[in-house]
């Protein structure tokens, strides 16, 4: 397991400098955004529908370059990276998509193992870990099912398992608890928190769930009119020094 | 139960079945055109080699005895392998298509013919034959078959170039079709490409998935096309043999080792073309995203 090291906090995990985004000739969706997320921080991103949350997340998981400004991950400006370096950088980022994006021709097990296959790992090296992770999210009996046969909540858990299976340095989740019951939501949030606390994973969660936001003591960033505003708290390693924010959760 | 590892791309769909048919048909046509080109080339070489040293000498106002004497004279010339005077029966057989079986009237003067076969490297043989006969007091005209062969060679060369052009055109069409189909497949599987891309797959990794898929598709479709071409050629050969001498309208196809090599190479080329087209299409498409 990765140990927290002092040098992990030398560079920002995420740094946006004057980042703007527009698609084609449309108006700017994001405008002049500055953001620094320290390693091992836990943050929420919220905002009205259409405010640009998904677009901002796209910038963070390197699916979209900004129209202006610079996106840096783990201390490296991404505009200067080669395509292979960008691929390597993406392997350090786990993403939970709002619409899951599971591959229906693969089984649940194969979907979760996909990032490990991309990394070139052999199945004998990861089979036990993947099965254990799927049992942990309550899908131990669904290993060989196709995602399309699962409920929305189960698909969401598969998507989350796929995002965390590589123990990424940065975890980005878009409405990760939108389709699960409160118990499972708390369980999944505990998983994110454990990753954040034990492995130093920087976690960014985009959500509308104000109840969830209120239960966890973490900075909240709100997107409105293309601008990003921090609503509370501090960003960075200080988050680790707080008491367990999930202690009150079921 | 041990989980199985499926391909990261889904199994073939209806689009690929249609592509399989198109590539197979193109490979069939390309193989047939290649075999035709090769047969044309072989026939041209064989025919020109056959007529290269052949001469026909026409003796005017000579009888059979004079023709035999002239043939003996020519047999002694340097570079002449054989010289043989045509018999009356042979001359009548040559004239039969125009004058019928009754032959020519006896009082009609018909030149006597001498067939001369010379060595391929014999220099100015036609001129020397003409001089020798003139010096012996014969009135003779010498026809070198090679002069006719030149026209035939030119015609066969044009046929060969046309066949090779058809092969090239069909190959280019197959590559274009495969490239188009790969692009369509990529668009249809954009979701998979996106997930792999976000998961950190390198462009080469993603392109490799499509390359493997289309390599196998091209190989299988090309094999089917080549096998159908093989069957077609076999049928044409059988028809040609059953038609005996009246098979002149059918192409003179064969199935020797080079022909079989063409049929074996066709699917490999189809597979490689499909793989190349898929690789280039996917890489180009991926470069358009971050």
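The values are calculated or read from the model by the stated rules, or taken from the named source; none is laboratory data. Small disclaimer: the values here were computed from a predicted structure and weren't measured. Because the Cβ atoms are built from the backbone with ideal geometry, glycine has one as well, and the counts that use them run over all protein chains shown.
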Item checked: Odd one out for residue A:155, checked against (1) within 27 Å of residue A:50 (Cβ to Cβ); (2) touching a residue at least 60 places away in the same chain (Cβ under 8 Å); (3) in contact with a helix residue (DSSP H, G or I) (Cβ under 9 Å, 6 or more places away or on another chain) -> (2)
Item checked: Enumeration of residues in region A:107-124 that are modelled with pLDDT under 95 and crowded, with 22+ Cβ neighbours inside 10 Å -> A:118
Item checked: In region A:169-191, the residues that are in a loop (DSSP other than H, G, I, E, B) and crowded, with 23+ Cβ neighbours inside 10 Å -> A:176, A:177
Check: Among the residues of region B:130-142, is there at least one that is more than 14 Å from chain A (Cβ to nearest Cβ), buried (at least 20 other Cβ atoms within 10 Å of the Cβ), part of a helix (DSSP H, G or I) and at pLDDT below 80?
Finding: no
Note to self: Given the criterion at pLDDT 95 or above, on the phi > 0 side of the Ramachandran plot and either touching a helix residue (DSSP H, G or I) at 6+ places or on another chain (Cβ under 9 Å) or in a strand (DSSP E or B) (or both), identify the matching residue among A:62, A:86.
What the structure shows: A:62
Notebook entry, point to check: So how many residues does region A:90-105 have that are facing another protein chain (nearest Cβ under 7 Å) and part of a loop (DSSP other than H, G, I, E, B)?
Noted result: 4
Check: Do we have residue A:111 as outside any helix (DSSP H, G or I) and at the interface with chain B (Cβ under 10 Å from one of its Cβ atoms) here?
Finding: no
Notebook entry, point to check: Using beta carbons and a limit of 7 Å, which pairs, at least six apart or on different chains, have the first residue in region B:139-165 and closer than 21 Å to residue B:39 by Cβ and the second one outside any helix (DSSP H, G or I)?
Noted result: B:149/B:52
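Okay, residues lined up against (1) surrounded by 19 or more Cβ atoms within 10 Å (Cβ to Cβ); (2) within 14 Å of chain B (Cβ to nearest Cβ); (3) in a loop (DSSP other than H, G, I, E, B):
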| residue | (1), (2), (3) |
| --- | --- |
| A:27 | no, no, yes |
| A:32 | no, no, no |
| A:39 | yes, no, yes |
| A:50 | no, no, yes |
| A:58 | yes, yes, no |
| A:71 | yes, yes, no |
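Does residue B:62 satisfy the condition of being more than 14 Å from chain A (Cβ to nearest Cβ), modelled with pLDDT of 85 or more and either in a helix (DSSP H, G or I) or touching a strand residue (DSSP E or B) at 6+ places or on another chain (Cβ under 9 Å) (or both)?
no
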Next item on the list: For region A:9-60, enumerate the residues that are within 14 Å of the chain's Cα centre (by Cα) and over 14 Å from residue A:230 (Cβ atoms).
Entry: A:13, A:39, A:40, A:53, A:54, A:55, A:57, A:58, A:59, A:60
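Which of the residues that make up region B:177-199 are out of contact with any strand residue (DSSP E or B) (no Cβ under 8 Å at 6 or more places or on another chain) and free of Cβ contacts under 8 Å to residues at least 40 places away in the same chain? Walk me through it before giving the result.
Taking region B:177-199 and keeping what is out of contact with any strand residue (DSSP E or B) (no Cβ under 8 Å at 6 or more places or on another chain), we get B:177-197, B:199.
Passing the criteria: B:180, B:187, B:190, B:191, B:194, B:195, B:199.
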Check: Of the residues in region A:117-129, how many are facing chain B (nearest Cβ under 9 Å) and in a helix (DSSP H, G or I)?
Finding: 4
Note to self: Quick check on region A:130-148. Is at least one of its residues at the interface with chain B (Cβ under 10 Å from one of its Cβ atoms), assigned to a loop (DSSP other than H, G, I, E, B) and on the phi > 0 side of the Ramachandran plot?
What the structure shows: no
